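Below is one structure, written out as structure tokens; the observations come after it.
The values are calculated or read from the model by the stated rules, or taken from the named source; none is laboratory data. Note that the structure is predicted; figures quoted are calculated from it, not measured. Positions of Cβ are generated from backbone atoms using ideal geometry, with glycine treated the same way; all protein chains shown enter the neighbour counts.
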Amino acid sequence: MTAKLMMKDFKIESIKELTKMTSDSFPINSFKMIPNDGKNFDFKAGMFSSIYIHKDDKLFRSYSIASSPSENYIEFMIEMINGKFTSLLANLSEGDEVFLTEPKGTFIFDPDDERDITFIAAGVGIAPFFSMLRYLKYLNKRKNMTLFYSVKHKTDIVNLTELKSYEYLGLKIHVTLTRDPLDRMWDGEYGRINLEMLNKYLTNLNNRVFYICGGIKFVKDLVDILINSGVKDDDIKRDIWGE
Ligand SMILES: Cc1cc2nc3c(=O)[nH]c(=O)nc-3n(C[C@H](O)[C@H](O)[C@H](O)COP(=O)(O)OP(=O)(O)OC[C@H]3O[C@@H](n4cnc5c(N)ncnc54)[C@H](O)[C@@H]3O)c2cc1C
């Protein structure tokens, strides 16, 4: 029998729109929550927590934590797809209470790992990387880090200014647009993240740790590319979100 995870009540402090809805993208909202007892969960960057709207509900969904473990609040970045649970989240307001389970997961960032780091995200899969980068900022730790971030449209990018603000910590950012038409003003990449794109920006695929987050097909395709290129399975951490 598995032990029941600890659950705590949190108050929604703010709900903000991070990206807007387009004809083929859903908006991503930030939900920032503060623990009613004033004591935040102890967790590691990369972990997720499950949200229940009411304590005794059967329905819940899991979300990666986007805030740093050093903060006294928890932030989630949630794609509002109007599904069974996200449509309930859409009805919540600032000041409402929800219940969060104790964070868990194996997609854990190790700030003491001396290897170069490659973050690979699709869409709202960027959320746990905000937790990791915000935590590194708190630790004031520089790393050799490269982020590959795939979005459908330029307007789907979450907090680009904040991401760029981490360049002083050693972060290099490569955003790729998979559905926008060519635009002379865009100096990033186009198309899906593939071996050619990885090789263009990484001098070596080995002796580094990969963190990949997104839907099952995205993560599986990238893991296959990396394994076929000789990367050791142990050097690839993945967070898979279902579809
Ligand atoms: C460990 C973990 C961490 C996660 N972290 C996050 C996170 O940080 N942010 C986040 O937004 N989600 C995250 N998810 C996904 C989240 O748990 C829900 O699955 C998601 O919010 C949809 O829930 P729903 O009940 O609204 O949709 P459902 O009613 O469960 O799904 C409705 C249908 O929508 C379709 N669908 C699902 N996702 C999409 C999509 N992106 N675009 C179009 N159609 C879709 C599917 O076909 C599904 O059948 C995470 C999942 C896991 C397991």
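Looking at the stretch 214-240, which of its residues are within 16 Å of the ligand (Cβ to nearest atom) and either buried (at least 20 other Cβ atoms within 10 Å of the Cβ) or outside any loop (DSSP other than H, G, I, E, B) (or both)? Explain how you work it out, then say what you get.
Just the residues of the stretch 214-240 that are within 16 Å of the ligand (Cβ to nearest atom), to begin with: 214-220, 237-240.
Across the stretch 214-240, the qualifying residues are Gly214, Ile216, Lys217, Phe218, Val219, Lys220, Lys237, Arg238, Asp239, Ile240.
Which condition number in (1) out of contact with any strand residue (DSSP E or B) (no Cβ under 8 Å at 6 or more places or on another chain); (2) within 15 Å of the ligand (Cβ to nearest atom); (3) among the small types (Gly, Ala, Ser); (4) touching a residue at least 60 places away in the same chain (Cβ under 8 Å) is the one that Gly123 fails?
(1)
Would you please list the contacts, defined by Cβ atoms under 8 Å and residues six or more apart or on different chains, that run from a residue in the stretch 24-38 that is in a strand (DSSP E or B) to a residue that is more than 16 Å from the ligand (Cβ to nearest atom) and acidic (Asp, Glu)?
Lys32/Glu13; Met33/Glu13; Ile34/Glu13; Pro35/Asp9
Give the residue, chosen from Ser23, Ser64, that is small (Gly, Ala, Ser), under 24 Å from Ile157 (Cβ atoms), within 11 Å of the ligand (Cβ to nearest atom) and not assigned by TED's automatic domain parsing to the domain that holds Ile126.
Details: Ser23 fails: within 11 Å of the ligand (Cβ to nearest atom).
None of the others qualify; the one that does is Ser64.
Could you list all residues from the stretch 72-116 that are free of Cβ contacts under 8 Å to residues at least 24 places away in the same chain and within 7 Å of the ligand (Cβ to nearest atom)?
Gly83, Ser87
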